[in-house]
Every structure is written in structure tokens, then in C-alpha cells.
Amino acid sequence: MIEYDEFGPEKIFEVYNPKVGMRGFLVIDNIALGPGKGGVRMTPSVDKEEVFRLARTMTWKNAMAELPFGGAKGGIIADPKTFDLKRKKLIVEAYAKALKVVCPSMYVSAPDMNTGEKEMEWFAKANGSMKSCTGKPKKLGGIPHELGSTGFGVYHSALVAIEHMGWKPGEITFAVEGFGNVGSFVAKFLTEKGAKLVATSDSKGVIYSKEGLDFKKLSKIKEETGAVTNYPGSIKSSCESILDVEADVLVTAAIPDLVTFANVNRVRVKLVVEGSNIAMTPEIEKVLHDKGILVVPDFVANAGGVISSYVEYIHGTPEKMFRLVEQKVRKNTDLVLKTAKKDAVLPRDAAMKIAQERVRKKMK
Ligand code: NAD
């Protein structure tokens with residue numbers, strides 16, 4: 001059930017095109033700060049409640065990043081594994097056309113599960129406006145995912161948190177869960193700053209080396225063999241054992257619910273920076289907080305992706321994207337951590353309050 005509150009959701013659309021078999025939703029949660037921004041996912045199980053929860057998260061993420069965007073999210077009920085690209089194109093086009101009444105005036109789309117650059121090209125062309133979505137191919141003004149905007153932001157968030165702990169980047173050890181798009185960029189930038197990467201993981205397992213892993217060697221091995229576990233001379237173990245790693249910092253960058261009530265006591269680091277979405281529930285963050293472990297929440301640390309979308313939206317360059325990600329993520333991580341300390345609350349609670357106040361101010 002969708003629970004309505006003072007923030008929204010403001011509008012919920014159900015769209016249907018029997019000719020191509022397209023059925024989907026759009027939830028525009030709150031547009032006080034600007035058009036609702038959020039990706040569109042294509043899965044067989046997507047429903048209104050799921051889309052609403054994701055739209056609400058976007059409201060806070062965009063407000064936290066101080067972007068002129070509200071929160072929204074789209075969903076198309078379909079299993080892309082069951083049909084070819086031609087059919088997928090027809091479905092995406094039908095969805096984009098059906099939403100023309102509100103897109104791009106009140107909604108700006110983006111990639112999400114099972115949608116990427118290609119789908120955004122179809123979406124923009126069918127909608128008729130290049131402002132209708134971000135995440136488009138470079139030839140249409142897109143800023144490539146491969147530039148690593150989210151990882152770059154998570155790195156800056158980690159740097160601010162490291163300073164906040166009274167540490168120096170050149171003196172710390174860290175572990176990265178998930179050596180993918182986000183995790184590999186965080187590992188690259190933090191090692192370049194002198195921090196020692198002692199462990200990382202991917203879907204094949206964890207590798208650990210007390211002496212530190214060489215980033216260049218590691219990234220070559222991952223590229224050539226597809227698995228970090230082929231790194232020679234390191235200790236290998238199962239995915240979850242990333243939690244047992246003794247280090248100063250853990251950057252999460254893979255699965256949801258990495259930390260649960262069942263394994264929270266295994267966490268050995270003093271600082272967790274959430275690069276991944278919902279690495280743990282707020283209740284688990286509280287358990288860590290009570291143990292004196294600082295957690296930088298996902299929607300503060302991983303806002304680099306949506307900031308990059310904003311730069312694409314205003315036709316900015318990759319240089320502008322890097323400048324803005326650094327500036328915004330640093331400023332807001334600092335604000336959240338200082339407020340949390342001053343008010344003696346969890347960083348997530350401090351961040352939610354800041355984001356809500358920003359939205360409320362514009363709703364008056
Ligand atoms: P990705 O697919 O590029 O990388 C994910 C990595 O995690 C892969 O290397 C994969 O092998 C690994 N992995 C999978 N299961 C694992 C497990 N059980 N243990 C350890 N590693 C595992 O994805 P990404 O774009 O880097 O996204 C990572 C996380 O960051 C996701 O939670 C995503 O929602 C979040 N995020 C990404 C962006 C972005 O712009 N890419 C933005 C915001 C949030």
C-alpha cells in the first residue's frame with residue numbers, strides 16, 4: 001500500500017498500450033524542487049508500490065544533492081529476456097509517448113534495471129525532446145557511465161569522512177565490496193591518494209592482502225579474467241567475508257542488505273561509506289552507530305550519478321560534471337556529518353532532516 005504524506009506522491013500514472021503489450025507506471029513523488037527525476041526499470045515484477053518507494057528515495061537524493069529536481073520513478077512490466085530488441089524498442093517508445101503529457105515538464109527519465117543508453121535514445125526520440133531523459137549515448141549529449149561519476153563522488157565522500165575521523169588518507173587501510181563501476185573508481189582514487197587497499201570482492205569472492213593490493217595489477221586482472229579472485233598471492237574467501245576484514249574503512253559497492261542482524265557483529269572497520277544502495281537497513285546502521293562505527297548513508301555518498309545526470313540535462317561537459325560532483329558531495333557529506341555530531345543523531349537521520357527541510361521550504 002502506498003502511504004500518502006505531506007510530500008506526496010503527487011501523481012501516479014498507469015499507462016497501457018495493447019498494440020505492443022506495454023503496461024507501466026510512473027510515480028511523481030514530489031516536484032517542489034523541479035521536475036521529478038528518476039530512472040525507469042523494466043522487470044516482470046515491478047509494481048506501483050516498488051516504484052513509489054524508489055520515487056521517494058529520489059526525492060531525498062535530489063534534495064540532498066541540491067539539484068533542481070524532484071523525485072520520480074518509472075516502471076514497465078515486462079521481462080526483456082523473453083523478447084527481442086525490436087519488441088523492446090516498441091515497448092520503450094510506447095511508454096515514452098504515453099508519458100508525453102508530463103515528460104519532460106514534470107518528469108525526466110533515466111536508465112535503471114534493464115534499461116541503458118540505447119533505451120534512453122529510443123525514449124528521447126519517441127518523446128520528441130532531448131530533455132525527456134538523461135543517460136543518453138554520447139552522440140546525443142550523454143555523459144558516459146564509464147567516466148565513473150558515482151565512484152568519484154563516493155571517493156570524495158570517503159575523503160570527507162576520513163578527515164572527520166581525524167585520519168589522513170595516506171595513513172588508512174580500506175576494503176571495497178564490489179569491484180565494479182562504482183567500487184573500482186573508489187579503489188583507484190583512494191589508492192592514488194595513498195590509502196592502502198587491503199581487500200576487495202566481486203561475485204566470485206573476496207581477496208585480501210595485508211601488504212595491500214596493487215590497483216593497476218588488480219584492474220588488469222579483473223579486465224582480463226573477469227574476476228578479482230585471480231589476483232596472485234592474496235587470500236581468497238567467500239563474498240560475505242568482506243565483513244571480517246580488518247581495516248579502517250569499508251566502501252560498499254555491490255549488493256543490497258550486505259550487513260544484516262545476522263552478521264553485523266562481524267564488522268571490523270570504524271567507518272563505512274555506502275556506495276551501494278541499501279547496503280543495510282536504518283536499524284542496522286543504528287546497531288553500528290551504537291558500536292561507535294560511523295556510516296555515511298547511501299543517498300549522501302552515491303549522489304554522483306544523479307549529479308552527472310543533471311550536468312547532462314543542462315548540456316554541461318564531463319569537466320563540469322567532475323567539478324560539480326566533487327563540490328556537492330563534499331559539501332553535503334561534511335554538512336551531514338557535522339550536523340549528526342552536533343545533534344548527536346545518526347548521519348541518516350541528520351541527512352533526512354536536511355533533505356526534508358529543503359523540500360518543505362519550496363512547498364510553502
Ligand atoms: P556493477 O555491476 O558495475 O558492479 C557491481 C560489482 O559487484 C561487480 O563487480 C559484481 O561482480 C560485484 N558483485 C556482485 N555480487 C557480489 C557479491 N555478493 N559480493 C561482492 N561483489 C559482488 O554495478 P555498479 O554500477 O558499480 O553499482 C554498484 C552499486 O552501486 C549498486 O548497489 C548500485 O545500485 C549502486 N549505485 C550505482 C550507481 C552508478 O552510477 N553506477 C549510482 C548509484 C548507486
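Here are a few things to note about the model shown:
- Unique match (being of a type outside the set (K, R), touching a residue at least 40 places away in the same chain (Cβ under 8 Å), over 20 Å from M352 (Cα atoms) and not in a helix (DSSP H, G or I)) among I28, I2, I12: I12
- Within region 133-143, the residues that satisfy the criterion of being in a loop (DSSP other than H, G, I, E, B) and touching a residue at least 24 places away in the same chain (Cβ under 8 Å) are T134, G135, K136, G141, G142, I143.
- Test for L159: is it part of a helix (DSSP H, G or I), outside the structural domain of K217 (by TED's automatic domain parsing) and surrounded by 18 or more Cβ atoms within 10 Å (Cβ to Cβ): no
- Single residue of region 167-178 satisfying the filter (on the phi < 0 side of the Ramachandran plot and surrounded by 24 or more Cβ atoms within 10 Å (Cβ to Cβ)) that is farthest from the ligand (Cβ to nearest atom): F174
- Qualifying positions in region 259-276 - small (G, A, S) and within 14 Å of the ligand (Cβ to nearest atom): G275, S276
- Across region 49-58, not a single residue is classified as in the same structural domain as W122 (by TED's automatic domain parsing) and assigned to a loop (DSSP other than H, G, I, E, B).
- Yes/no for A227 being more than 10 Å from the ligand (Cβ to nearest atom), more than 23 Å from P282 (Cα to Cα), of a type in the set (G, A, S) and within 25 Å of the chain's Cα centre (by Cα): no
- Every test in (1) out of contact with any strand residue (DSSP E or B) (no Cβ under 7 Å at 6 or more places or on another chain); (2) at pLDDT 95 or above; (3) of a type outside the set (K, R) is passed by P232 save one, and that test is (2).
- Scan of region 101-137 for residues that are of a type in the set (D, E, K, R) and within 16 Å of the ligand (Cβ to nearest atom), ordered by number: D112, E117, E119, K136
- Failed criterion for T281 (all others in (1) hydroxyl-bearing (S, T, Y); (2) more than 13 Å from the ligand (Cβ to nearest atom); (3) closer than 22 Å to I162 by Cα hold): (3)
- Residue in region 302-322 that is nearest to A175 (Cα to Cα), counting only those that are more than 12 Å from the ligand (Cβ to nearest atom) and part of a loop (DSSP other than H, G, I, E, B): T317
- Strands (runs of 3 or more DSSP E) (entirely within region 190-301) containing at least 2 residues that are touching a residue at least 40 places away in the same chain (Cβ under 8 Å) and buried (at least 23 other Cβ atoms within 10 Å of the Cβ): 196-202, 249-252, 294-296
The values are calculated or read from the model by the stated rules, or taken from the named source; none is laboratory data. Being a predicted model, the structure only gives us computed values, none of them experimental. For neighbour counting, all protein chains shown are included, and Cβ atoms are generated from backbone atoms with ideal geometry for every residue, glycine included.
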